[in-house]
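Shown next, in structure tokens, is the structure this report addresses.
Every number here is computed from the coordinates shown, using simple stated rules; none is lab data. Computed from a predicted structure; not experimentally measured. FYI the Cβ positions are ideal-geometry reconstructions off the backbone, even for glycines, and counts take in every protein chain you see.
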Amino acid sequence: MVETSTQHNSPRLEKFRKKIASLISEPIVNALSKSGVTPDMLTWFGFILMLVAAGLVAWNYWIAGGLVLILGGSFDMLDGALARKIGSTSKFGAVLDSTLDRASEGILLIALAFHFSREESVAGVTLAAVVMLFSFLVSYIRSKAECINIECREGLFTRTERVIVLAVGLVFNQIIIALAIVAFFSVITVIQRLVLVWQKTRAG
């Protein structure tokens, strides 16, 4: 099998993400590893916080919703890091984490669509739907690639970037702009990942 350079070296963006995540999560994970808290507890707590954020968003408490969204999103980084730290990674844990990530993201976008439907904003509802479609496709392509033993973590906009942009949009009351940014870069990321998988399958 001929391997491309992307199989040997992670792109700079992915390395940067990992470095930042490690700097933020390491001291917290070190403390949690001694507390008896399990990775699944963090996964569920993060999911509950995302539900709270969605509820706040649906009823126009956007600043509070944005802040809770950032807090809830941070647990996506902590649960996996804690699992690796205490040696309790499991296939079910990975599936649970991924499932709740998709569910929480979908519920948030449904909350935004609900808000825009009450305002009779066709643009808002449409953007929320487009973001849901392409953000799910970003994750779906990675999942299908891993089914055929191809690593596919690259891309401009992963879940972390989506959460950050949406949270900033909520806090500064610019959610339409935030949704448009996420929609655009999610489309780009879908294309990036499809091209990556195509290149790696051809290399095989």
Per the filter on region 73-103, residues within 16 Å of the chain's Cα centre (by Cα), closer than 16 Å to Val37 by Cβ and of a type outside the set (Phe, Trp, Tyr) are Ser74, Asp76, Met77, Leu78, Asp79, Gly80, Ala81, Leu96, Asp97
Quick one: count up the residues across region 51-73 that are within 18 Å of Ser139 (Cα to Cα) and surrounded by fewer than 21 Cβ atoms within 10 Å (Cβ to Cβ). 0
Is at least one residue of region 162-176 within 12 Å of the chain's Cα centre (by Cα) and over 25 Å from Pro39 (Cα atoms)? yes
Tabulated pairs, region 192-204, first among the hydroxyl-bearing types (Ser, Thr, Tyr), second surrounded by 14 or more Cβ atoms within 10 Å (Cβ to Cβ) and not in a helix (DSSP H, G or I), C-beta under 8 angstrom, 6+ apart or interchain: Thr201/Ile150
Can you tell me how many residues in region 98-115 are under 14 Å from Thr160 (Cβ atoms) and not polar (S, T, N, Q)? 2
I'd like to verify a number: residues in region 102-120 that are surrounded by fewer than 21 Cβ atoms within 10 Å (Cβ to Cβ) and within 13 Å of Phe136 (Cα to Cα), how many? 4
Got at least one residue in region 93-113 being basic (Lys, Arg) and touching a helix residue (DSSP H, G or I) at 6+ places or on another chain (Cβ under 8 Å)? yes
